[in-house]
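The values are calculated or read from the model by the stated rules, or taken from the named source; none is laboratory data. For clarity, every value in this text was computed on a predicted model and none was experimentally measured. Note that each Cβ is placed from the backbone with ideal geometry, even for glycine, and that neighbours are counted across all protein chains shown. The area values use the complete protein model at the heavy-atom level, side chains included, leaving out ligands, DNA and RNA. Shrake-Rupley method; radii C 1.70, N 1.55, O 1.52, S 1.80 Å.
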Amino acid sequence: MDNIYILGIESSCDDTSAAVLKDGILLSNVTASQAVHKAYGGVVPELASRAHQQNIVPVVDQALRQAGISREQLSAIAFTRGPGLMGSLLVGVSFAKGMAAALNIPLIDVNHLQGHILAHFIHTPDDDYQSPEFPFLCLLVSGGNSQIVLVKSYREMEIIGQTIDDAAGEAIDKCSKVMGLGYPGGPIIDRLARQGNPEAFAFAKPNIPGYDYSFSGLKTSFLYSLRDWLKDDPDFIQNHLNDLAASLEKTIVDILMKKLRLAARDLKINRIALAGGVSANNGLRNAFRDYAKRYHWQIFIPRFSYTTDNAAMIAITGYFKYQDKDFCPMDAPAFSRVSV
Ligand code: KG4
């Protein structure tokens, strides 16, 4: 039987990425990040889509070269259809459609969030990463989402809890912006927190029913506390940077873990996975390991390069859909908002 080669394309936010899979195994995963947003303290949608336009051809070209295949060998093209920034999505969507039409091969649309979850099934020729068995729970935490997803199969996923306001990464980024740190704040807070005392300060924790999250109250409490402390000491932030970062991080991790533990207990599931950009966070990873010991969880934490936005996760989702012949029409539009 012929080999199945899938090209994956991701352009939902500020990373242009392309990846190639051969029979479900990752051959290449090339990502161009966009430094242009740093000066603005956040992603500027119009600049993001322009940068995608500049990057997409060389990124796809490099992914094919690294995989050692020609575009004529491709079996199908999988692309992120949404959710994400509309202008950014349109670049990847249009490129994927154009290339699939030119090569006369199927198009496969991928939900970005489903891609983050199926990142647990990415394998390179020589890795020993153990993918979770179904069903499992996945804590999906990124700049735009915080969800607890019950993953029943590659296709069947159910969101059982999600944020009713800010996402966890968004809250970290906004608090770090208030402290005058760079963008994105997540990795900076992570680094500072390692030197700080997580018990130094207490911030508000939400009290909402079920498995849903809320982070806007914490953000407000952080802001108001800072305002009061700065009245007495204009250098308060500088003098307590590590402790502030550590306390903020701990509060967010506690909020995330509490609901996850509740869901795992109620659903009697002990296979627990982590996904999305915030899963790079050291405090969250440690909490996962800690809960694994305490509650006998089998935990799954993907490699860092597969937790942030990447095309490998889009390609693997595309590979599963390819096997189901779940293709998408040429006129399928991008969508900016939706859940799994
Ligand atoms: O999944 P992702 O790459 O894309 C978006 O949803 O935008 O997640 C990005 C988010 C940002 O909020 C970033 O600050 C956060 O992930 N992040 C982190 C860390 N690395 C990235 N948050 C905490 N600790 C980190 N080490």
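Normalised Debye scattering of segment 45-190 at q = 0.11, 0.15 Å⁻¹ gives log10 I(q)/I(0) of -0.59, -1.06, counting only Cα atoms as equal scatterers and leaving out solvent. Restricting the GluC sites (Glu not before Pro) of segment 124-173 to loop positions (DSSP other than H, G, I, E, B) with no more than 11 neighbouring Cβ atoms within 10 Å leaves Glu133, Glu156. If you take the Cα centroid of segment 1-32 and the Cα centroid of segment 123-177, the two points sit 20 Å apart.
Rounded to whole numbers, the Karplus 3J(HN,Hα) couplings from phi for segment 147-152 are 9, 10, 10, 8, 9, 8 Hz, using 6.51 cos²θ - 1.76 cosθ + 1.60 with θ = phi - 60°, and x at Gly and Pro. Size descriptors for segment 189-340, from the alpha-carbon set: Rg then Dmax equal 19.5, 64 Å.
Per residue, the accessible area of segment 49-152 comes to 38 Å², computed with a 1.4 Å probe over protein heavy atoms only.
Taken over segment 229-303, lysine pairs spaced eight or more positions apart, or on distinct chains, with alpha carbons under 28 Å apart number 10. Contact order for the chain, expressed relative to its length and based on alpha carbon pairs under 8 Å spaced 6+ residues apart, stands at 24 percent. In terms of overall dimensions, the C-alpha atoms belonging to segment 266-340 reach 49, 26, 22 Å along their principal axes, ordered largest to smallest.
Take Ser216, project a point 7 Å from its Cα along the Cβ direction, then tell me which residues of segment 52-87 have their backbone nitrogen under 12 Å from it. No residues fall inside that zone.
By accessible area, using a 1.4 Å probe on protein heavy atoms only, segment 141-281 has 49% of its surface on carbon and sulfur.
Report the relative contact order of segment 1-155, percent, no decimals, based on alpha-carbon pairs under 8 angstrom and at least 6 residues apart.
Over segment 1-155, the number comes to 22 percent.
What you get for segment 119-196, charging only the Cβ of Lys and Arg (+1) and of Asp and Glu (-1), is a dipole of about 320 debye around the Cα centre.
In the full protein context, segment 213-297 carries 45 Å² of accessible surface per residue, based on a 1.4 Å probe and ignoring ligands, DNA and RNA. Across segment 1-67, how large is the tail of the calculated P(r) beyond 19 Å, expressed as a percent of all Cα pairs? Value for segment 1-67: 38 percent of Cα pairs lie more than 19 Å apart.
Let me know the Kirkwood hydrodynamic radius for the chain, please, with Cα pairs as the basis and the value in Å to one decimal. Result for the chain stands at 20.6 Å.
Report the trypsin sites (Lys or Arg not before Pro) located in segment 187-229 that are in a DSSP loop and have at most 14 other Cβ atoms inside 10 Å of their Cβ, or state none.
Answer in residue order: Arg194.
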